[in-house]
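Reading through the structure tokens given below for one structure.
The values are calculated or read from the model by the stated rules, or taken from the named source; none is laboratory data. Here the structure is a predicted model, which means the values were calculated and not measured. All Cβ positions, even for glycine, are placed from backbone atoms using ideal geometry, and neighbour counts span all protein chains on display. These area figures cover heavy atoms from the full protein model, side chains too; ligands, DNA and RNA do not enter into them. Shrake-Rupley method; radii C 1.70, N 1.55, O 1.52, S 1.80 Å.
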Amino acid sequence: ADEIDDIREKINEADDALKDDKADIDEIKHEIKDASKDLKTDKDQVKKIEGEVDAADESLRKDTAEIDEIGAEVDKALGAVVSDTDSEKAAREDKEDKAGPEKEDKEDNKEDKEDTA
């Protein structure tokens, strides 16, 4: 009878250990489900962020193209201004060359009057 009681005790201990293992397995399964949900959420967030990055990248490309276009217009306008300035300078020099000594005499007379005053 003692042997039977020992066997029953061992069976009960094994049964308790089995119940503990099942509880541990259930807990691990629950943790895996939670981790899986977290992973899916993280993947969704990554996809969302990737979409935002792609949209920002496209916007940056468009902005860069607009900036390049504006830069080309500015360069063209500056070229026209420089050309106009060069033309004005050439016209002024031509006018001064035609005025020649008369203008220089007028300037000398003006300086003389200033010196006298």
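Legend: calculated FRET efficiency, K89 to S59, from the Cβ-Cβ distance at R0 = 35 Å, rounded to 0.05, equals 0.20. Computed extension gain for A35 through I67, at 0.36 nm per residue and net of the alpha carbon distance, reaches 6.9 nm. Put simply, the Cα atoms of region 15-70 extend 81, 9, 5 Å along their principal axes, the longest span coming first. For D86, the accessible area of its heavy atoms, probed at 1.4 Å with every protein chain present, is near 90 square angstrom.
Estimated from the Cβ-Cβ distance and a Förster radius of 35 angstrom, the FRET efficiency linking E13 and I49 is about 0.10.
3J(HN,Hα) along region 59-71, derived from phi through the Karplus expression 6.51 cos²θ - 1.76 cosθ + 1.60 where θ = phi - 60°, amounts to 4, 4, 4, 5, 4, 5, 5, 5, 4, 4, 5, 5, x Hz, with x in place of Gly and Pro.
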